[in-house]
Structures are given as structure tokens and as C-alpha cells.
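Q: Take this structure first; my questions come after.
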Amino acid sequence: MTTVVGIDLGGTKVAAATLQAEVTDPHQGANLGGPCQHPTKLSSTGELIDQLVEIIAEARADAEVDAVGIGVPSIVEFATGRVVSSVNIPLADVPLREVLGGRVGVPVFVDNDATVAALAEAHDEQLNLVSENLVMLTIGTGVGGGIVVGGRIFRGATGGAGELGHTLIGLDLSDDGALGDVPAAGEQFPQPGSLEAFASGHALDHLADAVVAGYPDSELARKATAGGPIRGADVVAAYRDGDGAAQAAVRRWAHAIGIGIANVVNTFDPGEVVIGGGAAAAGELLLGPAQEIAEGYIVPGLRGHVRVRFARFGARAGVLGAALLALHELRDSAGR
């Protein structure tokens, strides 16, 4: 029996759990332990790595661990385990596989957090691979993505594949007939016109502000007058209470997500598109309209074949996916 530790490292919390399975068949008798979780220490790279070492020790208890998998909200050079670029955690340009592996004494495998979550979602509750071709959109504060092709993670040439939030869905390249210069790309990310700019949790927050400013008689405006910021969750709650302005805001948000889904289907032709992150809290208020919008933008030959659903593992997807990453890498090493 092989034991691995999976770590889900985020900007606010870090969670870890052990997974036990046969390395020759990572689905037979697999068992994911209960996770341990702590607020992420962000003051320095050294403090964060110390915390990772500590949470690995906490998760493994007295068990012998064969490897560690970790998902980070960053672009990762998978072959070396180096974090290439990281915005919310102090790991940019850190060779995390080498550094952490040297501290814990077992192989460490590092990948993007949405990528490993997609790997988890390709499996069922018994950890059988049930979806060989799957794309996951993680919609929270921003928009991330993970791609599984043929049952394996697709990373692209450098390991950065899956940055689906930066696909452009609303860039205006129209011309008034003068054939002038088109707008130049800026240094701002997310770029105006990107999926993240229109479909993230922050985008729904901005729609909430628009409702408050433009519909003074709405329930959201009355709540804003009573004090406190209005956020996306308030828009969803007001939708459920019948607020027409809130319903229009959620439909606009769903429209952007639907276009993102259509782009994913037109590009990858997956069997499933999975929506993860905080957006799942909106439930069918989001999923139904987004699917309807997506159908209109999917090319005719691909319509009707893809299943769009919310993530089955929820908050566990990151830890489970990181553990499966380690298990699969050990299996590949054994095969070689």
C-alpha cells in the first residue's frame, strides 16, 4: 500500500490529507483521510515553506509517506517543480519541488491548483477514472482552469496550459471605416475583455455596484443604504428573493460564463465541463442560464454532446487532486 500527502495551497488557507492506495492500481482500495487545515502564512517564502513542512508532518502522523503532491495558485514548470509566476503567495521563482523535497525527504510533485482539481473531478467518489476528457473552470475571486485529456493532465509546452480566465471574450476590434490602429494590449491582468474580467466573482461584485447605482428601488440598493458593501453573494440572495435587477445581473454574469463554456467546448471538445469555486453557490440560477447561452455559441457539430456540471468534490478537489497527482507520478515511475 502506498501513502501520499496531497496539499491544496491557497491565498487564504492551506489544507492537507493523506491518500492510501495501491501504486499499481491507484483506484483499488483508495482511501482519502480527513484534511487538516490552517490559514496560509504569507509574510515570507521561508515561513510559508516551514508551514508546508509542518502540515505534511501533521497530515502524515506516524505513517510512512512515499510522496507529496501540491497544488498552488501559480504557473508551474512541472518538469522541475519551479513556481514560475505567483500573485497571491510568496513563491515566485522558487524551485518548490527541490526545496520542499529536501526538507521532507520524499519526492514532491508541484502543479497548478486548478489543474489538480480538474484531475480529481475526472474521478468518481470511489476514485475510478470516469471522464477521460474534461475541462474545469474554477470561478471564484478570479477564473482559473484545468484540462484533462485522455485521463491525463494536459500542461502544454511549458506547464502553463489552463489559464482559461485570460481568454478574450469581449474585446472590441470593430473599426469605423478609417482602418486605424487596433487597441494595443496593456500590461493589466486580467485584461479588459477577458473571461475573468466578465465572469469572476469580482465581476459579479461590480454588477452588484451597478445595480445599486442604477436601480435605487431595488432590494440591493435598499440593503446598501442600510450600510455595508454589497457583493456577489448578496446579488444571488436577492435573485432568490425575486429582485428583478439582481436577476438581470446574475443573467449577465451567467452569459459571460456561458461564452467561456462555449469557447472551452469549441477548443477542446471535452466530455464534461466542470464549474468549481465559489460560483457553485449560485446553483441552478447560474448553471441553467449558462448552459443555455453556451449552446448558442457552440458550433453546431459539437452541440448536445458535452455535460456541464458543478464540481462533485467541492473544497476537497484540490487536496484530492494533489494526492492523485503524486500517486500517478509514482505509478509512472514504477512503470518505467
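The values are calculated or read from the model by the stated rules, or taken from the named source; none is laboratory data. Because the structure is predicted, anything quoted here is derived from the model rather than measured. Because the Cβ atoms are built from the backbone with ideal geometry, glycine has one as well, and the counts that use them run over all protein chains shown.
Q: Could you tell me which residue of the stretch 81-103 is farthest from G11 (Cα to Cα), considering only residues that are among the β-branched types (V, I, T) and modelled with pLDDT under 95?
A: The extreme case among them is V84.
Q: I would also like to ask the following. Quick one: which residue in A282, A245, A249 is over 17 Å from H202 (Cβ atoms) and free of Cβ contacts under 8 Å to residues at least 60 places away in the same chain?
A: A245
Q: Let me ask something else about it. Taking G34 and the conditions (1) within 19 Å of H123 (Cβ to Cβ); (2) part of a strand (DSSP E or B), which numbered condition does it fall short on, given that it satisfies the others?
A: (2)
Q: Additional query: For the condition closer than 16 Å to V99 by Cα and under 19 Å from the mean Cα position of the chain (by Cα), what is the one hit in I56, I70, I49, I75?
A: I70
Q: Answer yes if at least one residue in the stretch 272-289 is outside any helix (DSSP H, G or I) and over 29 Å from R152 (Cβ atoms), and no otherwise.
A: For the stretch 272-289, residues outside any helix (DSSP H, G or I) and over 29 Å from R152 (Cβ atoms): present.
Q: Let me ask another. With respect to G278, is the statement that it is touching a helix residue (DSSP H, G or I) at 6+ places or on another chain (Cβ under 8 Å), surrounded by fewer than 18 Cβ atoms within 10 Å (Cβ to Cβ) and at pLDDT below 90 true?
A: yes
Q: When residues of the stretch 284-314 are filtered for being crowded, with 17+ Cβ neighbours inside 10 Å and farther than 9 Å from G258 by Cα, how many remain?
A: Of the residues in the stretch 284-314, 8 are crowded, with 17+ Cβ neighbours inside 10 Å and farther than 9 Å from G258 by Cα.
Q: Out of G232, G258, I need the residue that is in contact with an Asp or Glu (Cβ under 8 Å, 6 or more places away or on another chain), surrounded by 14 or more Cβ atoms within 10 Å (Cβ to Cβ) and at pLDDT 90 or above. Which one?
A: Residue meeting the stated conditions: G258.
Q: Tally time: how many residues in the stretch 230-271 are assigned to a helix (DSSP H, G or I) and over 17 Å from V143 (Cα atoms)?
A: Result for the stretch 230-271: 17.
Q: Return the residue satisfying two criteria in turn: it lies in the stretch 51-65 and is among the acidic types (D, E) and either at pLDDT 95 or above or outside any loop (DSSP other than H, G, I, E, B) (or both), and of such residues it is surrounded by the fewest Cβ atoms within 10 Å (Cβ to Cβ).
A: Among those residues, the one meeting the criterion is E58.
Q: Tell me yes or no: at least one residue of the stretch 105-116 is closer than 16 Å to G11 by Cα, among the aliphatic types (A, V, I, L, M) and in a helix (DSSP H, G or I).
A: yes
Q: Is it true that some residue in the stretch 323-331 is under 20 Å from the mean Cα position of the chain (by Cα), within 19 Å of G150 (Cα to Cα) and charged (D, E, K, R)?
A: No, every residue in the stretch 323-331 fails to be under 20 Å from the mean Cα position of the chain (by Cα), within 19 Å of G150 (Cα to Cα) and charged (D, E, K, R).
Q: Also: Determine which single condition A237 fails, assuming it passes every other condition in (1) in contact with a Lys or Arg (Cβ under 7 Å, 6 or more places away or on another chain); (2) among the aliphatic types (A, V, I, L, M); (3) surrounded by fewer than 19 Cβ atoms within 10 Å (Cβ to Cβ).
A: For A237, the failing item is (1).
Q: Condition first: part of a strand (DSSP E or B), under 10 Å from the mean Cα position of the chain (by Cα) and either surrounded by fewer than 24 Cβ atoms within 10 Å (Cβ to Cβ) or hydroxyl-bearing (S, T, Y) (or both). Now tell me which residues in the stretch 124-172 satisfy that.
A: T138
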